[in-house]
Structures are given as structure tokens and as C-alpha cells.
Amino acid sequence: MSGQLTLESTAASILRCMPEALIFCDLEGIIRVWNGGAEKVFGWPAAEAVGQNLDLIIPERMRKAHWDGFNQAIERGGVKPGRTAMITRSLHKSGEFIYVDMSFEMVKDAQGQMLGSMAVARDATARFTEEKALRKQLAELTAKPAG
């Protein structure tokens, strides 16, 4: 094995190689870390996403709820218990809506100072669409006959 493994070099390699999107934003909601997985899931190259506001991937109709929750998490010092993961709608660079299975957490430094927020996401569009179709089919099959 060539080179010395350090925590920093190992963490950088993990971040670069992980297939899931990893996004870190500062307390103002500005994207500071955008890995290769984020490029694949959302379509934006890191060079275009880093430095942008998170609104880049948040559908307009969901922005108020997102920022309300984001600001509450900052005030609270973390996300609500039980609200660390969800399937939600997001925006792809193409302008298409996608569904992502996303988990969230607030990031603090070693002294407990809030640094920002991180999210890990994977594209769940196909799964969400299939499950929605199955739910509709089941509802049709179990619907009570008229009369």
C-alpha cells in the first residue's frame, strides 16, 4: 500500500467514492460539500453546486417548509427525533422532479458549535413510482362495489 493512511485522506476517499449523495451546507444554507454521488443524483456538477443556495434542489412550493424546518433545527441544535429520514421531492438539474430518500443531521464541531447541516440521499424515483402504482392498484382491487 502506497502512502500513509490518515483520517483526512481516508475520509476524503470515502466521500469521493460513496454512491449516495452527500451534501453539507453552512448555517446560511449555502452548499459547501457536494460529492460525486450528489452529481449523479441531482445532475449538478460540484463546480456548479458548491457556493449555491440549497434552493438549487428544493422545489419552489416546498421551500418555505424546508427553511422553517432548517431554522428550527438550528435553534433546537438538531433535527426532530424521528425526522432524520424521509422520501421527499427534489429538483434535478434538468428541471424534472425526482424523489429522494434523504437523511438529515445537523453538524457540530468538537466543541459543540453548530457548523451546518448534512444530508445523504439516494434517488428513490423508480421505487416511489412503483409503490404508488401498487397502492393505487390495491385500492382499486379492494374498493367496495357500488350499489
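Listed conditions (1) modelled with pLDDT of 95 or more; (2) within 30 Å of T129 (Cα to Cα); (3) among the hydrophobic types (A, V, I, L, M, F, W, C) are all met by A65, apart from (1). Annotation note: of G112, G78, G116, the sole residue that is closer than 15 Å to I23 by Cβ, of a type outside the set (A, V, I, L, M, F, W, C) and not in a helix (DSSP H, G or I) is G116. May I ask you to verify whether R32 is more than 21 Å from L115 (Cα to Cα), touching a residue at least 24 places away in the same chain (Cβ under 8 Å) and in contact with a Phe, Trp or Tyr (Cβ under 6 Å, 6 or more places away or on another chain)? Taking the combined requirement at face value, the residue does not satisfy it.
Of all residues in segment 84-93, at least one satisfies being over 15 Å from A38 (Cα atoms), surrounded by 14 or more Cβ atoms within 10 Å (Cβ to Cβ), in contact with a strand residue (DSSP E or B) (Cβ under 8 Å, 6 or more places away or on another chain) and of a type in the set (A, V, I, L, M). Take the conditions (1) of a type outside the set (F, W, Y); (2) over 18 Å from G116 (Cβ atoms); (3) outside any helix (DSSP H, G or I); K64 misses just one of them, which is (3). When segment 96-127 is filtered for residues that are under 20 Å from R61 (Cβ atoms), open to solvent by 50 Å² or more (accessible area, probe 1.4 Å) and of a type outside the set (D, E, K, R), the ones remaining, listed by number, are F97, F104.
Here's the yes/no breakdown for (1) open to solvent by less than 20 Å² (accessible area, probe 1.4 Å); (2) outside any loop (DSSP other than H, G, I, E, B); (3) at pLDDT 95 or above:
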position: S2; (1), (2), (3): no, no, no
position: S13; (1), (2), (3): no, yes, no
position: R16; (1), (2), (3): no, yes, no
position: I23; (1), (2), (3): yes, yes, yes
position: D55; (1), (2), (3): no, yes, yes
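The values are calculated or read from the model by the stated rules, or taken from the named source; none is laboratory data. As the structure is a prediction and not an experimental result, all values here were calculated from the model. Quick reminder, even Gly has a Cβ in these numbers, built from the backbone with ideal geometry, and neighbours come from all protein chains shown. Protein only, heavy atoms only, side chains kept; ligands, DNA and RNA dropped before computing areas. Shrake-Rupley method; radii C 1.70, N 1.55, O 1.52, S 1.80 Å.
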